[in-house]
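A short worksheet on the structure shown next.
Since every read-out is calculated from the coordinates, none of them should be taken as a lab result. Fair warning: this is a prediction, and the values are worked out from it, not measured in the lab. Here Cβ is always computed from backbone atoms with ideal geometry, including for glycine, and neighbour counts include all displayed protein chains.
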Amino acid sequence: MTDLQDLYQELILDHGRRPRNFRALDGATGNAEGYNPLCGDKVKIFVKMDGDIVKDISFEGAGCAISTASASIMTETLKGKTRAQAEELFQTFHNLVTGRQAQLDAPELGKLAVFSGVSEFPIRVKCATLSWHTLRAALNGEGEVISTE
Amino acid sequence: MKAKGGILASEEPTRVLSFEADSIREDFPILKQLVYGKPLVYLDNAATSQKPTAVIDAMTHYYSTDNSNIHRGVHLLSERATQQYEEARVKAQHFINAAAPKEIIFTRGTTEAINLVAGSYGRANVVSGDEVLISAMEHHSNIVPWQILCEEKGARLRVAPINDDGELILEEFPKLLTERTKIVSLAHVSNALGTINPIRAIVEIAHRHNVPVMIDGAQAAPHMKLDVQELNCDFYAFSGHKVFGPTGIGVLYGKASLLDAMPPYQGGGDMIASVTFEKTTYNTLPYKFEAGTPNIAGTIGLGAAIDYVNQIGVERIARYEQELLDYGTDALSQIPGLRLIGTAKDKAGVLSFVLEGVHPHDVGTILDREGIAIRTGHHCAMPVMDRFGIPATARASLAFYNTKEEIDALVAGIHKVKEVFG
């Protein structure tokens with residue numbers, strides 16, 4: 001049960017049930033859709049940029065607890081960050097959920113550290129990273145639907 | 001004195017449960033393992049079934065003693081391989097009661113079989129403005145090949161609707177048959193819902209309109225007695241790996257008159273009678289549709305799987321699984337917040353469900369850690385998910401080696417899911 005408790009931490013369950021910034025964004029400067037064809041998870045990320053700064057960010061979609069909580073905490077974390085900071089966080093987050101980065105070594109992750117348990121569930125890594133891959137497309141203004149496959 | 005032990009086709013129904021639990025599982029080495037320290041509860045049989053020792057041994061034996069190419073060698077090994085390959089064809093013929101061995105085409109599986117019919121029969125017979133009729137409960141493998149055909153020919157794909165229980169709405173079906181309908185293709189049993197379709201009735205209706213019918217039998221073959229002559233369908237397909245045989249082998253049945261008139265699906269060795277640069281004469285059935293060196297070991301493994309299933313008895317399997325399905329349906333129905341998706345009166349082998357407030361993917365992960373293997377997702381039937389307004393389901397699917405105790409473990413696992421998600 002330990003692994004499961006690590007995966008489904010209270011914070012993740014909370015954000016899975018009551019996702020924050022869960023709405024379309026008026027005046028978004030970019031958006032992108034992400035899709036995991038294996039489980040049917042869909043997410044749409046909206047960003048409003050002020051120069052290089054993420055002024056506002058939100059999402060819509062339907063997915064499992066992990067993908068919903070990941071999108072929710074990502075939007076909370078990225079408000080006010082620069083493009084470069086967002087990209088760096090994605091790298092660190094990716095390393096965390098794939099087990100290449102211990103959470104203690106990366107204090108900048110903040111709440112995102114709660115996803116460390118995902119590394120024990122390799123098949124769920126795509127759930128945790130779908131919103132981040134989609135964010136990258138939204139920031140880069142790529143119109144295509146991002147797929148995990 | 002009565003014979004003791006062994007599996008006799010005449011055993012009383014009351015004995016069914018006891019033989020399943022005790023002896024059948026011994027035939028499946030994979031079932032003996034622990035996963036995450038817990039006994040494996042394999043409930044993903046609609047995705048693929050496990051293999052009995054008899055199948056594994058048959059394939060090992062072939063590779064250890066008889067491996068060679070078929071239909072061409074003058075040597076002993078080739079003769080033995082050819083003989084076993086053709087014996088498997090006869091076993092498959094009897095398994096579905098086809099009229100002749102030449103009506104059995106070996107394919108990679110159900111998907112390739114449907115592609116063969118769409119690519120050969122479909123291409124030769126469907127023209128612009130024609131229609132292909134399928135149903136709203138089809139697996140992607142019985143949708144996409146027809147879409148490709150329709151796209152190429154400028155034809156139209158029409159879809160027969162299903163009701164809230166996941167049953168075909170039989171009154172609507174004839175209305176979709178028009179003078180432009182060139183083929184009907186339908187699942188015998190739905191992989192996502194478990195619904196058993198009334199194939200005989202549908203074939204009758206379609207034949208009244210002179211429309212041939214292809215049946216996707218991938219989910220039916222493991223669970224019930226098949227008789228293609230009685231169904232009177234024109235094509236029938238099933239996969240070896242879902243009937244306890246290996247992956248990469250399947251069967252397309254077609255009525256000889258139809259297959260004879262169809263152009264080849266692929267060109268190559270074995271499917272020709274003679275080749276010159278000016279003209280090639282095609283081989284006779286079934287070889288016309290078996291280009292290239294086939295999956296010989298897989299075919300022999302499928303033959304062994306059919307022997308194994310026959311030894312237990314298809315009717316007994318069906319009876320036992322129905323008991324298990326009824327037990328599972330009752331047990332799951334009692335879990336608050338659980339909704340069964342697919343509640344047809346006539347069902348086989350599938351318990352598809354959603355749990356209030358928990359995504360199926362999370363259900364699957366937690367059950368996995370309890371040693372319980374189920375499938376979660378859209379089951380390659382995204383239009384079915386759309387029909388029920390859900391993104392995915394969790395699906396437990398049964399085989400005759402499953403037990404009531406395993407259903408109990410599933411129920412306990414679902415309670416654990418609810419615990420985790422509070």
Placed amide H near B:VAL41: partners under 5 Å, 5+ positions off or other chain: B:ILE372, B:ALA373
Cβ-defined net charge surrounding A:ILE73, 9 Å radius [Lys, Arg +1; Asp, Glu -1]: +1
Cα gyration tensor shape of chain A, rounded if a/c is under 1.5, else prolate or oblate by comparing a/b with b/c: prolate
Cα gyration tensor shape of the range B:33-151, rounded if a/c is under 1.5, else prolate or oblate by comparing a/b with b/c: oblate
Segment B:THR53-B:LEU77, extension gain: residue separation times 0.36 nm, minus the distance between their alpha carbons: 6.3 nm
Under Karplus coefficients 6.51, -1.76 and 1.60, residue-wise ³J(HN,Hα) of the range B:116-130 in Hz, glycine/proline x: 4, 5, 5, x, 9, 4, x, 4, 7, 10, 9, 10, 3, x, 6
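Using the 2.2 N^0.38 Å rule of thumb for compact globular proteins, work out how the range B:297-422 stacks up: its C-alpha Rg over that value, please.
Values: Rg = 16.0 Å, N = 126, 2.2 N^0.38 = 13.8 Å.
For the range B:297-422, the normalised Cα radius of gyration is 1.16.
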Built amide H within the under 5 Å cut-off of B:ALA155, gap 5+: B:GLY129
Local net charge near B:LEU116, Cβ-Cβ under 12 Å (Lys/Arg +1, Asp/Glu -1): +1
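Under 1.5 on a/c is rounded, so check that first for chain B, then, if it is not, pick prolate when a/b is larger than b/c and oblate when it is not; a ≥ b ≥ c are the square roots of the alpha carbon gyration tensor eigenvalues.
It is oblate, given that a/c is not under 1.5 and a/b is not larger than b/c.
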Cβ charges +1 (Lys, Arg) and -1 (Asp, Glu), total dipole of the range B:186-258, debye: 40
For the range B:277-348, with +1 on Lys and Arg beta carbons and -1 on Asp and Glu, the positive-most of B:ALA297, B:THR343, B:ALA331 along the dipole: B:THR343
Cα-only Debye scattering, the range B:139-294: base-10 log of I(q)/I(0) at q = 0.16 Å⁻¹: -1.04
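Net charge near B:GLY129: determine it from the other residues with C-beta under 12 Å of the C-beta of B:GLY129, scoring Lys and Arg +1 and Asp and Glu -1.
Working: positive: B:LYS153, B:ARG156, B:ARG180, B:LYS182; negative: B:ASP130, B:GLU131, B:GLU179.
Once all neighbours under 12 Å are counted, the net charge is +1.
Report, in debye and to the nearest 20, how large the dipole of the protein assembly as shown comes out about its Cα centre when Lys and Arg carry +1 and Asp and Glu carry -1 on their Cβ.
On the way: 55 positive and 70 negative charges, 73 e Å.
Here the protein assembly as shown has a charge dipole of around 340 debye.
Let me check I have the definition right: for the protein assembly as shown, take the eigenvalues of the Cα gyration tensor, multiply each by 5, take square roots. What are those semi-axes in whole Å, largest first? Mind dumping the intermediate values first?
On the way: eigenvalues 402, 179, 116 Å².
The equivalent ellipsoid of the protein assembly as shown has semi-axes of 45, 30, 24 Å.
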log10 of Debye I(q)/I(0), alpha-carbon scatterers only, for the range B:210-287 at 0.20, 0.27 Å⁻¹: -0.97, -1.25
Amide H contacts of B:MET271 (H built 1.01 Å from N, under 5 Å, at least 5 apart or other chain): B:GLY292
Cross-link table B:LYS255/B:LYS347; B:LYS102/B:LYS153; B:LYS91/B:LYS242; A:LYS42/A:LYS81; B:LYS242/B:LYS347; A:LYS81/A:LYS111, entries beyond 19 Å C-alpha to C-alpha: B:LYS255/B:LYS347; B:LYS102/B:LYS153; A:LYS42/A:LYS81
Under Karplus coefficients 6.51, -1.76 and 1.60, residue-wise ³J(HN,Hα) of the range A:116-130 in Hz, glycine/proline x: 4, x, 4, 4, 7, 10, x, 6, 9, 4, 5, 5, 6, 9, 3
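Take peptides B:118-131, B:364-377 and line them up by average Cβ neighbours within 10 Å, highest first, as a rough protection proxy.
Working: B:118-131: 18.3, B:364-377: 22.2.
Packing order, densest peptide first, comes out as B:364-377, B:118-131.
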Under Karplus coefficients 6.51, -1.76 and 1.60, residue-wise ³J(HN,Hα) of the range B:356-365 in Hz, glycine/proline x: 4, x, 10, 6, x, 4, 6, 4, x, 5
Dipole in debye (nearest 20) - the range B:232-324, about Cα centre, beta carbon charges: Lys, Arg +1; Asp, Glu -1: 40
The range B:310-362 and the range B:128-185: distance between their alpha carbon centers, rounded to Å: 27
